[in-house]
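This report refers to the structure that appears directly beneath it.
The values are calculated or read from the model by the stated rules, or taken from the named source; none is laboratory data. These figures come from a predicted structure and were not determined experimentally. Cβ: placed from backbone, ideal geometry, glycine included. Neighbour counts: every protein chain shown. When the accessible area is computed, the model is the full protein with side chains, heavy atoms only, and any ligands, DNA or RNA have been set aside. Shrake-Rupley method; radii C 1.70, N 1.55, O 1.52, S 1.80 Å.
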Amino acid sequence: MTAVTARLADGVAAIPAADWNACAGTANPFVGHAFLAALEASGSVGGRSGWQPVPVIVDGADGTPAAVAPAYLKQHSQGEYVFDHGWADAWQRAGGNYYPKLLIAAPFSPVPGPRLLLRDRNAAPALIAALEAVTDQHGLSSAHTTFVAPEQVPLFEAAGWLIRQGTQFHWQNEGYATFDDFLAQLASRKRKAIRKERAAAVEGLTVRHLVGAEIGPREWAAFWRFYQDTGARKWGTPYLTRTFFPLLGEALGDRVLLILAERDGMPIAGALNLIGDDTLYGRYWGCTEEVPFLHFELCYYQAIDAAIARGLKTVEAGAQGEHKLARGYVPVPTWSAHYLPDPGFRRAVADFLVREREAVARDTAYLGELTPFKRG
């Protein structure tokens, strides 16, 4: 193999935004310089978070990055949404140190997208080799690339990384002009159930869609309260800091969509979305008042409304959630790639993945039969 020269940076913010974005493109905001740098500037990663940013860069002949990867040294497995706790336990019991490990990901975001960010597509093998070199030279147990865009999976597979499959639920826009056009594709009983849910969710409430500069300090303060409530119930401690959200709004501008539900002018619930080139990404939700079906309304139905209005092809509403099926979100595969230098550990994980993949395929086939769309 031709020798590869790569370097590590102290963080994404240490790399000029123009250089990073020349590799990352604009389609997926979660791998853009603005999102990743906001995580660093807000202290959501770095410090004592267990996420040490170590972006890996392969320079081109002109001395500027030809390929970059958003990489982190991880001291735990929190905030990843691809669960390897069993692997960590097995490696620890065998006498090894699973942490730190190398993670290539968009932190705290189960959003499929490119993980090899390529200005020069021919640099992909060199970037993968660089990730392996970082793992080997620093004596790390493993490297993991989560929520890999489907078109990049063969690149990791060709390099010998183990491939893991998961499932998410996405809504697909089949050229709908209105929400009713979408409902018309559903079975009558499902159509009626959704209309009933939507009416009940917003009774006595006002729903507002705010974009970019329309989201002010008052709205960010309200959303922080919502996020804290959800984070405390799900994870114990919220991953993101308070300053992250206004920094994100400032950095991404009109790519940020906040959907608020208000009662008598006071926000009681909200869902935060990022707008990609062809996808609406639903990310964070929370509330200070429990209202039946309001979660479904803000996170799923209002997201569909927003996607149709913008002509977006897809709504990705986060990880897991079989309850999304009844709301018109269909199962789609997700992928991760794993590099384990130890041969014995690799064999054990490879065997596990074969059995897991069979189970995932069975579950996906079953779930596909539960969608609310008309048959035949």
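Summary of values
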read-out	value
Highest-fluctuation residue, ASP264, ASP19, ASP278 considered, GNM on the chain with Cα pairs under 10 Å	ASP264
Heavy-atom accessible surface of the chain: percent carbon and sulfur, 1.4 Å	52 percent
Cubic angstrom per residue, convex hull over Cα atoms of the range 315-376	103 Å³
Packing-based ranking, highest mean first, of 101-108, 365-372 given that Cβ atoms within 10 Å are counted	101-108, 365-372
Alpha carbon Rg of the range 20-68, scaled by the compact-globule rule 2.2 N^0.38 Å	1.28
Sorted peptide list for 175-184, 27-36, 80-89, criterion being average Cβ within 10 angstrom, highest first	27-36, 80-89, 175-184
Top of ALA14, ALA38, ALA319 by mean-square fluctuation, Gaussian network on the chain, Cα under 10 Å	ALA14
Cα-based Rg / Dmax (Å) for the range 220-304	12.6, 35
Net charge of Cβ neighbours under 10 Å - reference ASN273; Lys, Arg +1; Asp, Glu -1	+1
Most fluctuating residue given options GLU203, GLU214, GLU132, as computed from a GNM of the chain linking Cα atoms under 10 Å	GLU203
Hydrodynamic radius of the chain per Kirkwood, over alpha carbon pairs, in Å	21.8 Å
For the range 68-108, alpha-carbon Rg relative to the globular expectation (2.2 N^0.38 Å, N residues)	1.21
Where the chain is the region considered: accessible area per residue in Å², 1.4 Å probe	44 Å²
Tail weight of P(r) past 17 Å, computed on alpha-carbon pairs of the range 4-96, percent	56 percent
The range 89-162 versus the range 178-198: alpha-carbon centroid distance in Å	41 Å
Crossing angle, helix 188-202 versus the chain [Cα axis fit, 0-90 degrees, rounded to tens]	90 degrees
Value of D in µm² per second that Stokes-Einstein yields for the range 273-373, Kirkwood Rh from Cα pairs, at 20 °C (1.002 mPa s)	132 µm²/s
Pairwise label distance in nanometres, GLN75 with THR26, each label 7 Å out on the Cα-Cβ vector	3.9 nm
Gap separating the Cα centres of the range 334-376 and the range 1-59, nearest whole Å	29 Å
Solvent-free Debye scattering, log10 I(q)/I(0), computed from the Cα coordinates of the range 113-246 at q = 0.11, 0.16, 0.20 Å⁻¹	-0.83, -1.12, -1.15
Two-site label geometry, ASP89 and ASP136: point separation in nm, points 7 Å out along Cα→Cβ	3.2 nm
GLU250/GLN320 FRET efficiency (R0 30 Å; Cβ-Cβ; nearest 0.05)	0.50
Debye equation applied to the C-alpha atoms of the range 265-326, log10 I(q)/I(0) at 0.13, 0.20, 0.23, 0.27 Å⁻¹	-0.34, -0.78, -0.98, -1.22
